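Asks: The structure that follows is given in the form of structure tokens.
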Amino acid sequence: MATSYNETTEFIDLKKDIDDMFLLINGIIVSFMQAGFACLESGAVRTKNTTNIMMKNLLDLFICSIFYYLIGFPLAYGNGNSFIGMTYWAGTGFQESSLAFWFFQFVFAATAATILSGAVAERCNFVAYIVYSGIISGFVYPVVSHWAWHEEGWMKNMGYKDFAGSGVVHALAGIASFVAAAFLGPRKGRFPGQPISGHSTPMLGLGALLLISGFLAFNGGSLGQISGPGDSELVARSMVSTIFGGTGAAIIALVFGRYLSDAPWPFSFTLNCTLAGMVSVCGGPEVYNSWSAMLVGAIGSVIYTGFHLLVTYIKVDDPLDASPLHFGAGAWGVIARPIFANDGLIYGNIDNFPTKISNNIIGLLAIIAWSAITSIILFGALKVTGFLRISEEEEIIGLDLSKHGENAYPSSAWERTSSSWVEGDILANSSDCKLEKINYDNYAFQMEKRHER
Amino acid sequence: MATSYNETTEFIDLKKDIDDMFLLINGIIVSFMQAGFACLESGAVRTKNTTNIMMKNLLDLFICSIFYYLIGFPLAYGNGNSFIGMTYWAGTGFQESSLAFWFFQFVFAATAATILSGAVAERCNFVAYIVYSGIISGFVYPVVSHWAWHEEGWMKNMGYKDFAGSGVVHALAGIASFVAAAFLGPRKGRFPGQPISGHSTPMLGLGALLLISGFLAFNGGSLGQISGPGDSELVARSMVSTIFGGTGAAIIALVFGRYLSDAPWPFSFTLNCTLAGMVSVCGGPEVYNSWSAMLVGAIGSVIYTGFHLLVTYIKVDDPLDASPLHFGAGAWGVIARPIFANDGLIYGNIDNFPTKISNNIIGLLAIIAWSAITSIILFGALKVTGFLRISEEEEIIGLDLSKHGENAYPSSAWERTSSSWVEGDILANSSDCKLEKINYDNYAFQMEKRHER
Amino acid sequence: MATSYNETTEFIDLKKDIDDMFLLINGIIVSFMQAGFACLESGAVRTKNTTNIMMKNLLDLFICSIFYYLIGFPLAYGNGNSFIGMTYWAGTGFQESSLAFWFFQFVFAATAATILSGAVAERCNFVAYIVYSGIISGFVYPVVSHWAWHEEGWMKNMGYKDFAGSGVVHALAGIASFVAAAFLGPRKGRFPGQPISGHSTPMLGLGALLLISGFLAFNGGSLGQISGPGDSELVARSMVSTIFGGTGAAIIALVFGRYLSDAPWPFSFTLNCTLAGMVSVCGGPEVYNSWSAMLVGAIGSVIYTGFHLLVTYIKVDDPLDASPLHFGAGAWGVIARPIFANDGLIYGNIDNFPTKISNNIIGLLAIIAWSAITSIILFGALKVTGFLRISEEEEIIGLDLSKHGENAYPSSAWERTSSSWVEGDILANSSDCKLEKINYDNYAFQMEKRHER
């Protein structure tokens, strides 16, 4: 073999560069999901709380970054024992060569924390938001990702399989969302009464579409590399499964949506179903064929709907349906994998099935228990100390004005001609009002003419 | 030659991984065009039909996925004869190694279907939308892509050249849009009368900007690979041509826009022109130099304008101008290639020109005929069966309320303090209203103080 | 060494393809920053000037492309002397193999021009916008990029280091923004008086989030390649530093924001601080560790705040705070590099420090002088010739109606049922109003029923 050592090194180096590019570009696209969540959540709340939800989504990446850097990544991917990692505290000893991996894991972690902000919308204290975001992305989620994805992790070594975080990200965040919403209590006027409408379906829709595109990178990037033999096929399959998970769910939503609504084709319900479908396939997007992905997504949307009805029935107010969507579809995704994978039950592979499904169920139960216990402590402590919920007065006024001093749509900016200049020194005398009137009419006339063409 | 077989395999494998990454990442970026179309189209309709247009854009990817999977891809890229492919039905026999290719072709197909939703906006029945989306993305478009892009296709073998679908995607979708709009008939009050304004220019503008960025991946990704010698230069050239196509069109819009409008610098017209310019270069972005791309785009925007005036003159109501834009600029793009390509007429290559241009014109006429006939059957059948258009009553009320039960901007969510809580059990007595009043004034006072800083 | 020449060529070719893919994909993601700026700026202005700001952002890429093609790129990356490049005029002699590089540099240049549109918002003439955009992206910025980034450039050869344009892009654009805003004069009613609120915090927030994601590609892509040994680590580090720059700034904004505002957690201020933090690290994102990036970002946000207060104090009206943000944070970023880099002052490398910091300060002063002088000439000439500012009448009416003839939110499109059809020929008689009324009530009733579920 005449190939020199140096040449082989170059080839390996190039593969490393390609894998890093893959992680970094996918990481950037996943970061667009923050814009997606921001649109989705702002569309789903009332105008009086819209600046608040934007503020939270703006800060998610940054709050997560510090906590994930200090303790989150060390707990998740540090070397330690089967329960937690214990190296790389605040970056100590961390190899620069793994930084692309760090970046991708970080945007993943930020997504987990972001899910909760929907559940606590319109009534959560801002300090509580900062505290829980840090603890979810810096502690609760990282520990579970160590269990499931680090080579030392007890769940990984047991045989728990969850490719893109159906359980690790979504079921975990869904449980935390439920606990948070339950401890917070419903928004004023939610129970008994009608659902509280959000203020903008275009923002809802734009948010969902950004999330769908981001989801492709979220699931596709989860392989963590693309330069190995067959890697690119697994990545492609993961992305295609993500679409088909949404497809199965969309079909369910279109066929059955009308039974849950007086409207023939409910929008918000369909939107949530498609997201639930994509969450459902996170457990095994690389091992589903197209039909399996559709089935998993379709069942996932039914399970989401069931949890939605349950959460509403027990009067837990989750404005974005984060808990039924992410827990319901996420938990199902963990269970679905051993059934629908290309080496799973539906292909007649019965021998290994009991082991596989019990591994995944045990893992899921551990995730549920861990997330529930830590969330109860976290949100319980916030509640007891009075930091969790805003005052009744602030809720009536809205968070935008009471916490941020900025209305989402200030009326002064929406007047046809802002009255603010009237108070200015330049145009203080009243004749200007006349000037304005005349000119506006003049322009209105021109506009009318224009419309006649 | 001492290189072992294994080493060569590794190199080829790596190139495959790189090409797949190229297709997958570009495919994700093209999928952001769905968000772009959603914003563009929602901005161009009235608030009473905004939820509806968002619903359609949300579902495009999913509806397309199932139809493209079952029959679209098989017809397009299956092996068969020069007219249709006939393998891979519902994925049968499909090689996993081509899945990245499938994914990119799928997001392309979804784009074709999405174009129509603008033309049928504000009056199309929802069932009709589902039916036509499936048939366009699963049958009409795939057959033409077999003709033009599959190695068996008669147009490809004849010498028809259309790099990124100026004819295959845009002229086809433009014709279908025209037929759909003509069969539907105009919106109430459109003729005679003024153009019906959309409800949000910021959404229009955001949509256009997302489409522009997505278009770079749409045209650049059309090469399908980047690892061959010279590939990356063709990809770069395709992206640069896309920009310059828009540039030429923007110049035309700025110089001539005022003659079509009483306003000095019309916005919507300029926006449509830039999109028309980018559509125009789709026929040959890899073979234009910068000046050619600008000229092609500039002429494309003039042709779009001509078709816009024609469509308006014959009283076909196309709310998004989808048919003049995509057909006018798309058809021009097919013709422009043999003229402006780097081996084209303007470089004095006269010998081959008659063959080249006639090949492209024959192909274009075939696309027009195919799209017109299939669309007439499709939309004719929908019209005859009464599924095509909503009732007069529903149109007056708007699709959002009549079909989806969700207003785009529910007034209850836009009140400064939602009245919904008043009906709640907690705050039923009237004294709370006073509480609210007092506190709000209190806050208003604080805000005033704040503004004085 | 048995490796044949051909094999080596293939490997080098592949690396070139990978680097080009890296530049092109990052370039596309940077182009999404145009959508980010569009949202940010439209959210920060009043509704009467929203179409105008969207128009500008729509055209930025296209106006920049022609000027950058004709003279900008030649001045920047042509071969010439240490002050300007003098080849490639209008693409002459340009090698197609460098086109991916051209594309990335072009989207960079477009960003520089876009920054200014915030500073001149709500009162700048449209012709002036076209002129200054062309001159900034075609002349002012390219000359400085020749100085700093071309191998001939005097600043580069002196030892000025500025990885992603803290000085070259941001300080330059910040100075030009300040000059533009100063020559324009404040908006009516701005001084004395309260700040003029923008019309939509959701658009502000969405814009910031798109900018954050785009910034990752802006800073990460600045290396220009990823296939060399260690390249991917530098790219990853650049992206991570970008996040941490925002993190440091966000912490400052949360801790100190309330002292600049009566509100506990001001939104717009926090948003601007995070952007300032990310601008601050542009000078050396590849050489900061996580703590350094946080510190640089934190200090950058303080400096931005100082300049914000100063600009307000001297009554220069910059609606988007473009000048304090981009100049303050950008200038700081140039100075910060020699201090906080991994071979900088804080690591005890005192010997080289005086040289390094003086190189960067000299470069920064040259950028400031160049940008100030050219901007004063540019905006002075526009002012003297009367092209700079719109008339008082147009300002009162708003740019949307006076310049573009299109309101951002036309009231006709926002009525529950558009009255436009009443004027149509079909429904001209008054009984239709009754029809509408009845049906609407009917639907309202159904909706009520629906809400009871």
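The values are calculated or read from the model by the stated rules, or taken from the named source; none is laboratory data. Bear in mind that the values here come from a model prediction, so they are computed numbers and not experimental data. Using ideal geometry, Cβ is built from the backbone for each residue, glycine included, and neighbour counts are taken over all protein chains shown. Keep in mind that these areas ignore ligands, DNA and RNA; they rest on the heavy atoms of the full protein, side chains included. Shrake-Rupley method; radii C 1.70, N 1.55, O 1.52, S 1.80 Å.
Asks: How many residues does region B:336-365 contain that are within 30 Å of B:A182 (Cβ to Cβ) and open to solvent by less than 50 Å² (accessible area, probe 1.4 Å)?
Replies: So the answer is 8.
Asks: C:K48 - would you say it is more than 27 Å from B:F215 (Cβ to Cβ), open to solvent by 10 Å² or more (accessible area, probe 1.4 Å), assigned to a helix (DSSP H, G or I) and not aliphatic (A, V, I, L, M)?
Replies: So C:K48 fits the description; yes.
Asks: Ok, one more. So is C:S177 closer than 30 Å to C:A408 by Cα, assigned to a helix (DSSP H, G or I) and in contact with a Leu (Cβ under 6 Å, 6 or more places away or on another chain) or not?
Replies: Taking the combined requirement at face value, the residue satisfies it.
Asks: Wholly within region B:201-288, which helices (runs of 4 or more DSSP H) include no fewer than the required count, namely at least 2 residues that are facing chain C (nearest Cβ under 7 Å) and within 28 Å of C:I18 (Cβ to Cβ)? Give the steps one after another, and end with the answer.
Replies: Values: elements: B:201-220, B:231-256, B:267-280.
It comes to B:201-220, B:231-256.
Yes/no matrix, rows are residues, columns are (1) open to solvent by less than 50 Å² (accessible area, probe 1.4 Å); (2) free of Cβ contacts under 8 Å to residues at least 12 places away in the same chain; (3) part of a loop (DSSP other than H, G, I, E, B):
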site: B:I368; (1), (2), (3): yes, no, no
site: B:A372; (1), (2), (3): yes, no, no
site: B:I376; (1), (2), (3): no, no, no
site: B:L382; (1), (2), (3): yes, no, no
site: B:I396; (1), (2), (3): yes, no, no
site: B:D400; (1), (2), (3): yes, no, no
site: B:E406; (1), (2), (3): yes, no, yes
site: B:A413; (1), (2), (3): yes, yes, no
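Asks: Could you go through region C:180-187 and let me know if any residue there is more than 18 Å from C:A112 (Cα to Cα), at pLDDT 95 or above and of a type in the set (F, W, Y).
Replies: yes
Asks: Please verify whether A:N157 is farther than 24 Å from A:S31 by Cβ and open to solvent by less than 40 Å² (accessible area, probe 1.4 Å), treating the condition exactly as stated. Reasoning before the result, please.
Replies: Details: farther than 24 Å from A:S31 by Cβ: yes; open to solvent by less than 40 Å² (accessible area, probe 1.4 Å): no.
So A:N157 fails the test.
Asks: Taking the conditions exactly as written (in a helix (DSSP H, G or I) and under 22 Å from the mean Cα position of the chain (by Cα)), does A:T355 satisfy them or not? Give the steps one after another, and end with the answer.
Replies: Values: in a helix (DSSP H, G or I): yes; under 22 Å from the mean Cα position of the chain (by Cα): no.
Taking the combined requirement at face value, the residue does not satisfy it.
Asks: Got at least one residue in region B:233-247 being among the hydrophobic types (A, V, I, L, M, F, W, C), open to solvent by 10 Å² or more (accessible area, probe 1.4 Å) and free of Cβ contacts under 8 Å to residues at least 24 places away in the same chain?
Replies: Within region B:233-247, not a single residue is among the hydrophobic types (A, V, I, L, M, F, W, C), open to solvent by 10 Å² or more (accessible area, probe 1.4 Å) and free of Cβ contacts under 8 Å to residues at least 24 places away in the same chain.
Asks: Can you tell which of A:I314, A:I303, A:I339 is within 24 Å of B:G91 (Cβ to Cβ) and free of Cβ contacts under 8 Å to residues at least 40 places away in the same chain? Break it down stepwise before answering.
Replies: Working: A:I314 fails: within 24 Å of B:G91 (Cβ to Cβ); A:I303 fails: within 24 Å of B:G91 (Cβ to Cβ).
One residue alone meets the criteria, A:I339.
Asks: Report yes if C:W147 is over 30 Å from C:L40 (Cα atoms), surrounded by fewer than 22 Cβ atoms within 10 Å (Cβ to Cβ) and out of contact with any Asp or Glu (no Cβ under 8 Å at 6 or more places or on another chain), otherwise no.
Replies: Here the answer is no, as C:W147 does not meet what is asked.
One line per residue, one yes/no per condition, for (1) touching a Cys at 6+ places or on another chain (Cβ under 7 Å); (2) within 12 Å of another protein chain (Cβ to nearest Cβ); (3) open to solvent by 20 Å² or more (accessible area, probe 1.4 Å); (4) more than 29 Å from C:H199 (Cα to Cα):
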| site | (1), (2), (3), (4) |
| --- | --- |
| C:N79 | no, no, yes, yes |
| C:T87 | no, no, yes, yes |
| C:A119 | no, no, no, no |
| C:G134 | no, yes, no, no |
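Asks: Answer yes or no: is there a residue in region C:291-298 that is in a helix (DSSP H, G or I), closer than 23 Å to C:A322 by Cβ, more than 8 Å from chain A (Cβ to nearest Cβ) and touching a residue at least 60 places away in the same chain (Cβ under 8 Å).
Replies: no
Asks: Check C:A173, C:A182 and return the single one that is open to solvent by 10 Å² or more (accessible area, probe 1.4 Å), more than 7 Å from chain A (Cβ to nearest Cβ), under 21 Å from the mean Cα position of the chain (by Cα) and hydrophobic (A, V, I, L, M, F, W, C).
Replies: Matching residue, one of C:A173, C:A182: C:A182.
Asks: Run down A:S222, A:S197, A:S261, A:S268 and say which single residue is within 30 Å of C:L14 (Cα to Cα) and hydroxyl-bearing (S, T, Y).
Replies: The match here is A:S222.
Asks: How many residues, within region C:17-75, are under 24 Å from C:A322 (Cα atoms), more than 7 Å from chain B (Cβ to nearest Cβ) and either of a type in the set (A, V, I, L, M) or in contact with a Cys (Cβ under 7 Å, 6 or more places away or on another chain) (or both)?
Replies: Final tally of qualifying residues: 8.
Asks: Right, another one. Considering every residue within region C:122-130, establish whether at least one is modelled with pLDDT of 95 or more, farther than 27 Å from B:G257 by Cα, part of a loop (DSSP other than H, G, I, E, B) and not polar (S, T, N, Q).
Replies: The answer is no, given that none of the residues of region C:122-130 is modelled with pLDDT of 95 or more, farther than 27 Å from B:G257 by Cα, part of a loop (DSSP other than H, G, I, E, B) and not polar (S, T, N, Q).
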